[in-house]
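Step one of this worksheet: look at the structure below.
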Amino acid sequence: MTLAETHPAMDALLANRLRNAQPALWINPARQAQPAVALPALGRTISLDDTQAAAARLARFAGLLAQVFPELAATGGVVESPLLPATALQAALGWAPEQGRLFIKADHGLPVAGSIKARGGMHEVLEFAERLALEHGLVQPGGDYRALASPAAREVLGRYQVAVGSTGNLGLSIGVVASALGFKAAVHMSADAKEWKKDRLRLRGVEVVEHAGDYERAVAAGRAQASSNPLCHFVDDEQSFSLLLGYSAAALHLQQQLAEQGVAVDAEHPLIVYLPCGVGGAPAGIAFGLRQLLGPHVHCFFAEPVQSPCFLVQMLADATQGAGQHPSVYDWGLTNRTEADGLAVPRASLLAAELMQPLLSGVFTVADDTLFVQLVQVLDALGERIEPSAAAGFSGPAMLTGTTAGQAWLQNTGVDAVLHNATHLVWTTGGLLVPDAQYQGFVQRGRAVLAAQG
């Protein structure tokens, strides 16, 4: 029997749609307006102070990053993406003007790593490098971190390894940054990972260790291998507090960008954010930062492929069975196969799910064909190149206005009365580094689906 069948209190329509890999929307009944955020798994609380500390660490390393990555010279080592008005896209997506304004937080164009994973991956590698640098006297507190580019510093860091398990985008972030700083770098990749991502890592001097099976097996294999090496730091996407905080630092920059574009966030002007979700660390970190900075009128929704809704099934399990469960999408008879390779994860991060219980507004799922169609619509309307994973959030507004669950949420929250003032923000994930031939294949598939739809 499936989990849905053994827990009749679960919404039957939602359970049926999940089981049959059809787009579905779940609303979080446990969301709180003013949550105190505790993380029992880590034995601590988390606050805006933690986010600000992560942002400060990234700032300390900015000079070094500008030195080792020429593409960051123009920004002085700051890794950030623009906030793009996307009114021209709304008609293609079928949104009426009275449903609010659309923006894109364009992480598909993030330099160096080319995806939403850049900030978190960089932060954890830099935190590890900072600890070693201070221990070995390579820099002094408050000193110039560009000293870590010296041959002597690189010799010390080169004694250590940084490893990670990934379907691709996190591996790119971790591997490229670790290698640039002089670490030995190893990325354990699943069969879901794209060949071009493996090739790009190898060109950067990163060891790529391939594993049969899915993301979960690659992470487990990487974790086991790293545990036998005392000089190896394993970046654990499922359990890393450092990754989470690096992701959350994006909220600080977004707050500034919203102000620059005259976007208010309050009861009369809600901000609704749609975030692509794999294991959950990146969207959870961002959602945490946004809720801490901008308050209860930020509503965050995670977007997942219909065959890989790991975060949704975890949140459902927490809501219907209580804590202590860790279900897989396979428990629902799903395949975990999707062209959105960065989101092909069978089991969610418990750390991210625990953090999101009082903060998240909901989760929705998207079919692969829809991802390709919206990838084309973004290209045609805005000229932006995104990968399938990055298109996941564009179905969000239609889920709210065009489904029974979404309409009930709008009414229950009072957002329906001010929807015309709402700001919809779709957070993209990857696209910058996708090879042209592969990208053209995405476009061809999207246009074929559009043609078949008439």
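Hey, of [x] 1.02; [y] 0.93; [z] 1.11, which did the structure itself give for Cα Rg over 2.2 N^0.38 Å when calculated?
Here Cα Rg over 2.2 N^0.38 Å agrees with entry [y].
Compute the FRET efficiency between residue 416 and residue 131 as 1/(1 + (r/R0)^6), taking r as their Cβ-Cβ distance and R0 = 35 Å, and round to the nearest 0.05.
Plugging the Cβ-Cβ distance into 1/(1 + (r/R0)^6) gives 0.10.
How would 80, 210, 135 line up from fewest to most surrounding beta-carbon atoms within 10 angstrom?
By the 10 Å Cβ count, ascending: 135, 210, 80.
Could you list the residues of the stretch 414-452 with an amide nitrogen less than 14 Å from a label point located 7 Å from the Cα of residue 380 in the Cα-to-C-beta direction?
443-452
DSSP beta bridges in the chain, what fraction antiparallel, as a percent rounded to 5?
Numbers: 10 of 44 bridges.
In the chain, DSSP labels about 25 percent of beta bridges as antiparallel.
Please report 423, 75 as a ranked list, fewest other C-beta atoms within 10 angstrom at the top and most at the bottom.
Working: 423 19, 75 14.
Ordered from fewest to most neighbouring Cβ atoms within 10 Å, 423, 75 come out as 75, 423.
Going by average Cβ density within 10 Å per residue, which order do the peptides 96-109, 297-310, 255-268 take, highest to lowest?
Working: 96-109: 20.2, 297-310: 26.8, 255-268: 13.5.
Result, highest mean Cβ count within 10 Å first: 297-310, 96-109, 255-268.
Highest mean first, how do 282-288, 446-452 rank when packing is the count of other Cβ atoms within 10 Å averaged over residues? Kindly include the intermediate steps, with their values, before the conclusion.
Numbers: 282-288: 29.6, 446-452: 14.4.
In descending order of packing, they fall as 282-288, 446-452.
If you take the beta carbon distance between residue 48 and residue 231 as r and set R0 to 30 Å, what does 1/(1 + (r/R0)^6) give as a FRET efficiency, to the nearest 0.05?
Once the sixth-power term is evaluated, E becomes 0.30.
Taking the Cα-to-Cβ direction at residue 96 and at residue 209 and moving 7 Å from each Cα, how far apart do the two end points lie in nm?
Going by the 7 Å Cα→Cβ label model, 5.6 nm.
Could you work out how far apart the two model spin labels at residue 266 and residue 451 are, taking each label as a point 7 Å from the Cα in the direction of the beta carbon, and quote it in nm?
Using points 7 Å along Cα→Cβ, the separation is 5.2 nm.
Per-residue counts of other Cβ atoms within 10 Å, averaged by peptide: what ranking do you get for 125-132, 377-384, highest first?
125-132, 377-384
How would you rank 429, 335, 401, 365, going from fewest to most other Cβ atoms within 10 Å of each one's own Cβ? Don't skip to the answer; put the middle values down first.
Working: 429 30, 335 14, 401 17, 365 26.
Lowest count first: 335, 401, 365, 429.
Starting from 0.36 nm per residue, how many nanometres of slack lie between residue 20 and residue 196 once their C-alpha separation is accounted for?
The span from residue 20 to residue 196 would gain 60.2 nm if fully extended.
Since every read-out is calculated from the coordinates, none of them should be taken as a lab result. Nothing here was measured: the structure is a model prediction, and the numbers come from that model. All Cβ positions, glycine included, derive from the backbone under ideal geometry; neighbour counts span all protein chains shown.
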